[in-house]
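Notes follow once the structure below has been shown.
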Amino acid sequence: MKIVSLFSGAGGLDLGLKNAGHEIIWANDYDLDSCKTYKLNIGNHIVYNDISMIKIEEIPDCDVVVGGFPCQGFSMANMLRTASDERNVLYKQFYRVIQGKKPDYFIAENVRGILSIDNGNAIKKIVKDFSDAGYRVKYKSFNTADFGVPQTRVRVIIAGTRKDLPDEFDFQFPEPTHEKSTWVSISSALNGIPEPDDSKSKLKNHIYSKYKVTNRNFTGHRETDPNKPSPTILARGNGKGGVCAIQHPKNHRRMSVRESALIQTFPINFEFVGSMGSMYRQVGNAVPVLFGQQIGKKLKVLESIFV
């Protein structure tokens, strides 16, 4: 299918969809480093601009619109989240594109906090908006560890099928490929990766935050269990201007940008552009590539029906 991608970031979702056999024909993000990373690894079809400044006619017609509209205001980690948070209204730009291009399908990704904000009224409003735009809408939360991602990352997928399509053409959510007993551990995912300070290491982006390892009971400051999937890879800072990287499974340092990207199932040769903080943020904001590929496989099933 021909796909338009909004709020594309470094391209985790897009790469997964591409790996599943789809074509990303247009993408957009407002972060310059993310766009440079995307161009270097995926393609020149990404446009660096504020989506609100892009006219509908500048966006090509497509079969699917995808995107993870900015989620900081929805995040469970944001204790001040409210329905009026200005970062929460960017979904309206996603809505504007859906309404203007009328694709057969749309797929939006967000944090699980979107389900509880304003006592559940935010998700109801979002569903109503997309329904009014002409779509049958459904949503579901997923733990990406259930799909072979070595990380317990819970995210919500909101999917829409245009109402004029028959019910049998509805987008179906992917089924888990792993049970908890077969989750991929962080240790196995990083097996064979040399230390960043090893002079023989030739890995790109294998640099890490020197922020002190401390084991306190809050996000980013907990001991990592080497026999379980990684905790959620974060995009936010530590409140002091630095990154908040998850500890390595040996708990002797923070994971490097490269290691964090491997946990997000980016290929080992996928190169990020920007400062260390920017690269950590790009990795943390991304949809795990492998999970994106599972979504792409479900779209592939629909494509075969169309044919």
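A few notes on this one:
- Any pair with Cβ under 7 angstrom, 6 or more apart, that starts in the range 288-302 at a residue that is more than 20 Å from LEU262 (Cβ to Cβ) and ends at one that is outside any helix (DSSP H, G or I) and among the polar types (S, T, N, Q): LYS298/GLN172
- Pairs meeting the criteria (first residue in the range 166-181 and surrounded by 14 or more Cβ atoms within 10 Å (Cβ to Cβ), second residue at pLDDT below 95 and assigned to a helix (DSSP H, G or I), beta carbons under 9 Å, at least 6 apart or on different chains) are PHE169/LEU302; PHE169/ILE305; PHE169/PHE306; ASP170/LEU302; PHE171/LEU302.
- Residue check: PHE173 meets all listed conditions (1) in contact with a helix residue (DSSP H, G or I) (Cβ under 9 Å, 6 or more places away or on another chain); (2) assigned to a helix (DSSP H, G or I) but one, namely (2).
- Boolean, VAL111 is under 20 Å from GLY12 (Cβ atoms) and either at pLDDT 90 or above or not acidic (Asp, Glu) (or both): yes
- Among the residues of the range 186-206, those that are part of a loop (DSSP other than H, G, I, E, B) and in contact with a Pro (Cβ under 6 Å, 6 or more places away or on another chain) comprise SER201, HIS206.
- Filtering the range 7-27 to residues that are under 24 Å from GLY100 (Cα atoms), crowded, with 24+ Cβ neighbours inside 10 Å and of a type outside the set (Phe, Trp, Tyr) leaves SER8, GLY9, GLY11, LEU13, ASP14, LEU17, ILE24, ALA27.
- Inspection of the range 134-146 identifies at least one residue that is surrounded by 12 or more Cβ atoms within 10 Å (Cβ to Cβ), over 30 Å from GLN99 (Cβ atoms) and not polar (S, T, N, Q).
- Residue ID - surrounded by the fewest Cβ atoms within 10 Å (Cβ to Cβ), chosen from residues in the range 91-116 that are part of a helix (DSSP H, G or I) and aromatic (Phe, Trp, Tyr): TYR95
- Selected residue (only one of PHE272, PHE266 is over 15 Å from the mean Cα position of the chain (by Cα), at pLDDT 95 or above, farther than 21 Å from SER141 by Cα and of a type in the set (Phe, Trp, Tyr)): PHE272
- Screening ARG216 with (1) in contact (Cβ under 8 Å) with a residue 12 or more places away in the chain; (2) in contact with a Lys or Arg (Cβ under 8 Å, 6 or more places away or on another chain) gives one miss only, at (1).
The values are calculated or read from the model by the stated rules, or taken from the named source; none is laboratory data. Being a predicted model, the structure only gives us computed values, none of them experimental. Glycine gets a Cβ as well: all are built from the backbone with ideal geometry, and neighbour counts include every protein chain shown.
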